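The values are calculated or read from the model by the stated rules, or taken from the named source; none is laboratory data. The model shown is predicted, which means the values in this text are computed figures rather than measured ones. When we count neighbours, we look across all protein chains shown, and the Cβ atoms used for this are built from the backbone with ideal geometry, even at glycine. For accessibility, only protein heavy atoms count, side chains too; no ligands or nucleic acids. Shrake-Rupley method; radii C 1.70, N 1.55, O 1.52, S 1.80 Å.
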Amino acid sequence: MLSLPLFFGFLIDCILGDPYSLPHPIRLIGSLIARLEKLLRPRIKNERTAGTALVITVLILSAGVPLALLMICYKINLILGIAVESIMYYYLVAARCLRNESMKVHDAFAENDTEKARQAVSMIVGRDTKCLDRDGIIRAAVETVAENTSDGVTAPMFYMALGGAVGGFFYKAANTMDSMLGYTNDKYINFGRTAARLDDVLNYIPSRLTALLMILSAYILKLDGKNAFRIWKRDRRKHASPNSAQTEAVCAGALDVRLAGDAYYFGELHKKPFIGDDIRPIENEDIRRANRLMYMTSILMLILSLAARIIITQLF
C-alpha cells in the first residue's frame, strides 16, 4: 500500500508537470538556502564552517517538515497519508518539466529562431550561452537532459524508495544546495564545499545505476546500445564531478554524438574534455531522442523503486 504514492507521484508528473503557478517546495528550499547564506556569512567568519551550518540546517528543515506532516496525515487517515505523500512525490520528480523545458529549445529551432532557442537553453543550463552557435545550443540541451535524468528524476526515486518522501526531500535539498552553492569560484569555493561534497556522495550510487538503466533503455529504444556501453566505460570519468559524466557518456554513445568540451561560466573559460565520438553531427532531433531515453530510463527506475519500496515496507 505504501508503495502507491511513488507510482501516483510519477504518473501525476507525467500528466501535469511542475505547477509553475503554485508554490513549489523545492523553490521554497531554494529561498531558505538564499536567506540562510545572507544570515550566516556575516556571522560566522570561517566560510567552510558557515557553509556546513547552512547544510545541516537546510537538511533538518527539509526532511523534518515533511516527516511531521506525513506523521500527522497518516495518523488521521491512511488514504489522506497516501494522497499527501503522492503529492510530495509529484513535486520531487521533474521528468515532465525537464522534457518541456528542453523541448522549448527543439521547438524554437523548428521555427528557425536561434535567439529564442538560446533564451530557452539559458533557463536550464548554468553555462554562458551568448557565445553558443546552433550546435552548441542543441548540445547544451542534450547534456542537460542526460545529466538531469539522474539528478532530477531517478536519484530522487532512488531515495524515495529507501526513505519515502522524507528521503526524497533530503536528497533534493542536498542537490539544490549543490546547484546554488557548489561552485569553484572565489565566492563559493569554501562556503559551498560541504554542499558539493554531500551531493557527490549522495549521487554516487544513483548516477551509476541510472547509467546502467540508460544503456538498457538505449537497446529497448533501438538506439546505439553497444556504443552507449562502450562510451560509458571509456568516458564516464571525464568530468570534474565524479557523477555527472555517467549518464552524459551513455547518452553521447547512444546518440552517436560528441558532447561536453570547453564552456564559459560567469565569463570564465573552463577547459573540459569531450565525451563521446563525433560519429555524426548533432541535430535538433537529438533533443527529442534524449528525452525518450530519459523517460525509458525513468520507467525502469520506477519499476526497481516500486519493488524496493514493497520489500522495505514489508520488512519494517
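Here are a few things to note about the model shown:
- P(r) histogram, all alpha-carbon pairs of the range 4-125 included - 5 Å bins from 0, percent: 2, 10, 13, 14, 14, 14, 12, 10, 7, 3, 1, 0
- Its residue count N fixes a reference of 2.2 N^0.38 Å for the chain, and the Cα radius of gyration divided by that reference is 1.00.
- Cleavage-rule hits, trypsin sites (Lys or Arg not before Pro), the range 74-119, DSSP coil, Cβ neighbours within 10 Å at most 10: none
- With each label modelled as a point 7 angstrom along the Cα→C-beta vector, the Ile279-His24 pair spans 3.4 nm.
- Taking the inverse of the mean reciprocal distance over all distinct Cα pairs, the Kirkwood hydrodynamic radius of the range 133-271 comes to 15.7 Å.
- The count of lysine pairs in the chain that are at least 8 places apart or cross chains, and whose C-alpha atoms lie under 14 Å apart, stands at 6.
- Site pair Tyr219 and Ile15 shows an inter-label distance of 3.3 nm when each label is modelled 7 Å from Cα along Cα→Cβ.
- Rg and Dmax of the range 101-188, both derived from C-alpha coordinates alone, stand at 15.7, 46 Å.
- Loop-located trypsin sites (Lys or Arg not before Pro) across the range 168-272 with a Cβ neighbour count of 15 or fewer within 10 Å are Lys187, Lys222, Arg237, Lys271, with loop assigned by DSSP.
- With protein chains left intact and a 1.4 Å probe, residues in the range 1-111 average 53 Å² of accessible area per residue.
- Three semi-axes of the equivalent ellipsoid, the range 201-316, Cα gyration tensor, whole Å, largest first: 28, 18, 12
- Surface share of carbon and sulfur [accessible, 1.4 angstrom probe, percent] for the chain: 63
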